[in-house]
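A short worksheet on the structure shown next.
The values are calculated or read from the model by the stated rules, or taken from the named source; none is laboratory data. Everything numeric in this text was worked out from a predicted model, so none of it was measured. Note: ideal-geometry Cβ built from the backbone for every residue, glycine included; neighbour counts use all protein chains shown. Heads up: the accessible areas ignore ligands, DNA and RNA and are worked out on the full protein's heavy atoms, side chains in. Shrake-Rupley method; radii C 1.70, N 1.55, O 1.52, S 1.80 Å.
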Amino acid sequence: MLPEDFELAARFVKDRSGLVLTRDKVYLLENRLMPVVRDLRLKSVSELLAGIASGDAALQTTVIDAMMAKDTGFFRDWKPFVHFRTVVLPNIRVSRGMKTRFRILSAGVSTGQEAHSIAMTIRDVSSSFPGWQVEVIGIDISATAIAAASKGIYSQFDVQRGLPVRTLLQYFTKQEDAWVLNDAVRGMVKCQPWNLLDDLFSLGRFDAIFCRNVLVYFDLKTKLDVLQKLARLLVDDGVLYLGLNETVTGVSSNFRAVDPALGIYAAHRADRPASLSLAAKVDL
Amino acid sequence: MKRCLVVDDSRVIRRVASKIIQDLGFDVDEAENGRKALNALTIRMPDLILVDWDMPVMDGLEFAQQLRKLPGGNKVVVVFCTTENDIPHIRQALDAGADEYIMKPFDSEIVRSKLILLGLLG
């Protein structure tokens, strides 16, 4: 790939998605763009990039979609979901008074595994929330990933990455070679294309936000921007789950650490007592 | 260091599985069928057993049932690793004492994520 092509592509991807591509990621760029070049029967990546530069909106969307990492899995890292089930959900139940409603956001939901893991976790304890209105919202910049997430149909390979086999039997049926999530869980989740760089406030407020293994792709300024927007979406005692290798430390003062090793942070409001949080560190 | 016993009649599968498990920090022994695996358990009870279903001499299902009757046999984590990929087979394995189930083909990420679920990896 020509250096000027790389510069053009990297600038475009960063502006549109926040994804930072350093020079050592040339191989990644080529790996993700070459299938697009072949699908569209173009001659080269250079021709593809010329189309982007000319303002072809459909092509731009296709390239952003191709560039997004879709590496995901059910119950990724496991312990954050144990914390959600054993700490956050019980605290929501006892702290909401007459309000029998809560909402969870999965930001960077990709093909839906995280949002569906959240929904299955809630479903497992649904007897504790009789009559409650529960919403799990999944957002991702990739429209093709969102389309897959909305279907709730997974391959044998997908359902083995992190999904306990008893949970598989409980919530999925097998149809031919595919595993299909049942309607009850799928119906709890609404997935929609959404760019984290855009305004998020119209999504509404959330009791917990999962934004795991997303910030790692952003530069410091973009991380700060996104974290500030997520902080505004969280209710006063809300909880933020980041990836195990992600942190707010040194980036944003809108959160305080609950269990940084597990990427668990609580909303922090300067005018609120620090103890006000749905989350607590527990020995998992 | 935690120990794992890989039980499969295919030498290639045993080698692949052993390499994955070793890379995750386990010491690994191998056996080519359920009977040989039961014999190996008289010397040492591992922390984890990865067992195929369809094997000559003694299959995985009978092995799991026999294992669970042994002293200390209910403490071992048993993961079936098999080409049988339908719901009735999975239920049968769980009823026989399996803790988890991996459908072949598998890769290191699948094994790693299952061992995290089982509390064998941090």
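The condition of being farther than 20 Å from A:Lys14 by Cα and among the acidic types (Asp, Glu) holds for only one of A:Asp65, A:Asp39, A:Asp56, A:Asp71, that being A:Asp39. Scanning the range A:64-96 for residues that are more than 14 Å from chain B (Cβ to nearest Cβ) and touching a Lys or Arg at 6+ places or on another chain (Cβ under 7 Å) turns up A:Ile64, A:Ala66, A:Met67. Listed by position, the helices (runs of 4 or more DSSP H) contained in the range A:62-148 that have at least 2 residues being of a type outside the set (A, V, I, L, M) and open to solvent by less than 10 Å² (accessible area, probe 1.4 Å) are A:79-83, A:113-124.
Against the definition (out of contact with any Gly (no Cβ under 9 Å at 6 or more places or on another chain), of a type in the set (A, V, I, L, M, F, W, C) and under 29 Å from A:Glu176 (Cβ atoms)), how does B:Val12 come out, yes or no?
yes
Screening A:Ser46 with (1) touching an Asp or Glu at 6+ places or on another chain (Cβ under 8 Å); (2) open to solvent by 70 Å² or more (accessible area, probe 1.4 Å); (3) assigned to a helix (DSSP H, G or I) gives one miss only, at (2). For first residues located in the range B:108-122 and more than 9 Å from chain A (Cβ to nearest Cβ) and among the basic types (Lys, Arg), partners that are assigned to a helix (DSSP H, G or I) and surrounded by fewer than 22 Cβ atoms within 10 Å (Cβ to Cβ) and lie 6+ apart or on another chain with Cβ distances below 7 Å do not occur. The single residue among A:Leu197, A:Leu169 that is surrounded by fewer than 19 Cβ atoms within 10 Å (Cβ to Cβ) and assigned to a helix (DSSP H, G or I) turns out to be A:Leu169.
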